[in-house]
Amino acid sequence: MDDGHDIRAFLSSCEAGRDSAGAEVAACLARIAAHDRAGLTLSAMLRVSPDAQDVASDRDGARRRGVRLGALHGVPIAVKDNIDLAGMPTTSGCRALKAAMPWRTAPALHALLAAGAIVVGKTNLSEFSFEIRSRSSLGGDTRNPFSPSVTSGGSSGGTAVAVAAGFALAGLGTDTGGSIRVPAAYNGLVGLRPTWGTIPTIGVAPLAPSTDTVGTITRSVDDAATMLGLLAAARSPSSDARAGMRVGILRQLLGTSGEIAAGIDRATAALHAAGVEVAAAPDLPDAVLPRGDHIVDEEFGPSFDAYLRSNFRPGTAPASLAAVIAEREFLLEYEEVLRARAAPRSASVRAAILARHAELRSALTRVMESDGFDALLYPPSAVLPSSMENPKGGWAPELAACSGWPALTVPVGRSSGGMPLSAELLGRPYAEATLFALGRAIEAFAARPTPRL
């Protein structure tokens, strides 16, 4: 395992001459070779960048000349393989898309590259981002480095494992219904789902455009704030002023696991120690709870079909979702759902779902205003992963997804079995700075767990 340093520590070492982009990328590539398809067979990576070492050398040369491209100069990152990078296929984990060459790099990723980041590779995911595990026809199952017999979570599980296992210092993923926050939680990392619409999703394979967002998986809250500042083209406030803040605990999401509840107790203690008031929040009404939300059923087919028709160079990818289905080069367990989602959709059904999302936003606003809460606190999953199959973790991740509000997961220690525990904070729209301030308080109280490789 690497020494667990985050972006800030790595860049400080580079400035002091103790580290370099070349050395860090070489170490990342060595860990990939040792543990991705060999060793623990984590299966986090779908493709390793052939020019990563050369780019690192260029970054080091620029540093010696006194040139810094930006806040990520020389930082190795891993990118979920549903985000376009020019010159490399974007597969969504599907064999039918193994040669799909995009026209250009997605604007979100371009912002990180312009700031000096180095892509070490594209990562495995749940095929088409369908599930909360990371299994695909191209990459198989991504394994959790804390316990390789259980899932990494998903659908951005490959990115989370890459960051946790030292294949990269940070990662870029997507979140439609928990796809950043659950794998971040299961791998002891910080997962950020920003306010919906903050980061452009051009050049990103869609799942449900009404809830899709790009987000980050990092080793620290500071790193999440740095990356959001680049992705959103705005400086993210870094104040740690927390005095007078109030956080409400959504107890209806605690579930039955004593260890997960104990993790929330640790987060509460950390917030109290930082001068934050924490109190029980009113339960959300059953009528607005996002259990079994079906927006993906309504939006995936038409949006993915349009994406296939316009996103790739001619002859490199199937021209339509129907063509993908006809080829049957995907996990066949998804055939039924693919056919169902490719069928004509009802505009009225979609409108009804979006109306329920609006009702959820109103209910959350009432809860936040009931006692002057700045954020809500709950576990991102009601269970710890116990196998390679989908964990039945409940609907907590859907709160941020269906409301469009920002959410941040922060590690709070380990279970008795050594698995990471995590807390999730939900904030008001565009209040990511508040989440970062609260998240820093939690991470100062509970050291981030790291796996032993």
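The values are calculated or read from the model by the stated rules, or taken from the named source; none is laboratory data. As the structure is a prediction and not an experimental result, all values here were calculated from the model. Here the Cβ positions follow ideal geometry from the backbone for every residue, glycine too, while neighbour counts run over all protein chains shown.
What the table shows:
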| read-out | value |
| --- | --- |
| Region 60-87, subset buried (at least 24 other Cβ atoms within 10 Å of the Cβ) and over 22 Å from Ser137 (Cβ atoms), residue farthest from the chain's Cα centre (by Cα) | Gly74 |
| Pick from region 89-104, criterion of a type outside the set (D, E, K, R) and surrounded by fewer than 20 Cβ atoms within 10 Å (Cβ to Cβ), ranking: farthest from Gly315 (Cα to Cα) | Trp103 |
| Pairs where the first residue, in region 135-157, is in contact (Cβ under 8 Å) with a residue 60 or more places away in the chain and the second is assigned to a strand (DSSP E or B) and among the basic types (Lys, Arg), C-beta under 6 Å, 6+ apart | Asp141/Arg135; Ser156/Lys80 |
| Qualifying residue in region 377-396 (condition: surrounded by 21 or more Cβ atoms within 10 Å (Cβ to Cβ), part of a helix (DSSP H, G or I) and touching a residue at least 40 places away in the same chain (Cβ under 8 Å)) | yes |
| Per-region count, region 349-376, residues in a helix (DSSP H, G or I) and closer than 27 Å to Ala280 by Cα | 15 |
| Residues of region 183-207 satisfying the condition of being closer than 23 Å to Ala382 by Cβ and not charged (D, E, K, R) | Pro183, Ala184, Ala185, Tyr186, Asn187, Gly188, Leu189, Val190, Gly191, Leu192, Leu207 |
| Hits in region 266-293 (condition: surrounded by 14 or more Cβ atoms within 10 Å (Cβ to Cβ), modelled with pLDDT of 95 or more and either assigned to a helix (DSSP H, G or I) or polar (S, T, N, Q) (or both)) | Arg266, Ala267, Thr268, Ala269, Ala270, Leu271, His272 |
| Answer from Glu443, Glu424 - the residue that is surrounded by fewer than 24 Cβ atoms within 10 Å (Cβ to Cβ), closer than 28 Å to Gly372 by Cβ and not basic (Lys, Arg) | Glu443 |
| Selected residue (criterion: modelled with the highest pLDDT) from residues of region 247-259 that are surrounded by fewer than 20 Cβ atoms within 10 Å (Cβ to Cβ) and either in a loop (DSSP other than H, G, I, E, B) or small (Gly, Ala, Ser) (or both) | Gly258 |
| Residue match in region 387-400 (condition: polar (S, T, N, Q), under 20 Å from Ser129 (Cα atoms) and either modelled with pLDDT of 95 or more or in contact with a Lys or Arg (Cβ under 8 Å, 6 or more places away or on another chain) (or both)) | yes |
| Close pairs from region 294-317: first over 20 Å from Ala340 (Cα atoms), partner buried (at least 20 other Cβ atoms within 10 Å of the Cβ), Cβ under 7 Å, at least 6 apart | Asn311/Pro102; Phe312/Ala100; Phe312/Pro102; Thr316/Ala100; Ala317/Leu97; Ala317/Ala100; Ala317/Leu308 |
| Single condition Trp405 does not satisfy, out of (1) in contact with a Gly (Cβ under 7 Å, 6 or more places away or on another chain); (2) in a helix (DSSP H, G or I) | (2) |
| Strands (runs of 3 or more DSSP E) wholly inside region 160-224 that include at least 1 residues being over 20 Å from Val120 (Cβ atoms) and of a type in the set (Ser, Thr, Tyr) | 213-218 |
| Every residue from region 105-130 that is within 27 Å of Ile325 (Cβ to Cβ) and surrounded by fewer than 24 Cβ atoms within 10 Å (Cβ to Cβ) | none |
| Per-region count, region 133-159, residues under 14 Å from the mean Cα position of the chain (by Cα) and not in a loop (DSSP other than H, G, I, E, B) | 3 |
| Residue list for region 298-348, filter: outside any helix (DSSP H, G or I), loosely packed, with under 13 Cβ neighbours inside 10 Å and aliphatic (A, V, I, L, M) | Ala343 |
| Hits in region 349-362 (condition: hydrophobic (A, V, I, L, M, F, W, C) and surrounded by fewer than 18 Cβ atoms within 10 Å (Cβ to Cβ)) | Val349, Ala351, Ala352, Leu354, Ala355, Ala358 |
| Set Ala319, Ala382, Ala363, Ala323: member being farther than 30 Å from Trp103 by Cα, of a type outside the set (Lys, Arg) and modelled with pLDDT of 95 or more | Ala363 |
| Test for Pro411: is it crowded, with 20+ Cβ neighbours inside 10 Å, in a loop (DSSP other than H, G, I, E, B) and touching a residue at least 24 places away in the same chain (Cβ under 8 Å) | no |
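Conditions (1) modelled with pLDDT under 95; (2) acidic (Asp, Glu), marked per residue:
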| position | (1), (2) |
| --- | --- |
| Ala185 | no, no |
| Leu189 | no, no |
| Pro200 | no, no |
| Gly215 | no, no |
| Ser220 | no, no |
| Met227 | no, no |
| Ser236 | yes, no |
| Asp240 | yes, yes |
| Met245 | no, no |
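Residue by residue, here is whether (1) within 20 Å of the chain's Cα centre (by Cα); (2) of a type outside the set (Lys, Arg); (3) part of a loop (DSSP other than H, G, I, E, B) holds:
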{"site": "Ser13", "(1), (2), (3)": "no, yes, no"}
{"site": "Gly17", "(1), (2), (3)": "no, yes, yes"}
{"site": "Ala33", "(1), (2), (3)": "no, yes, no"}
{"site": "Arg37", "(1), (2), (3)": "no, no, yes"}
{"site": "Gln53", "(1), (2), (3)": "no, yes, no"}
{"site": "Asp58", "(1), (2), (3)": "no, yes, no"}
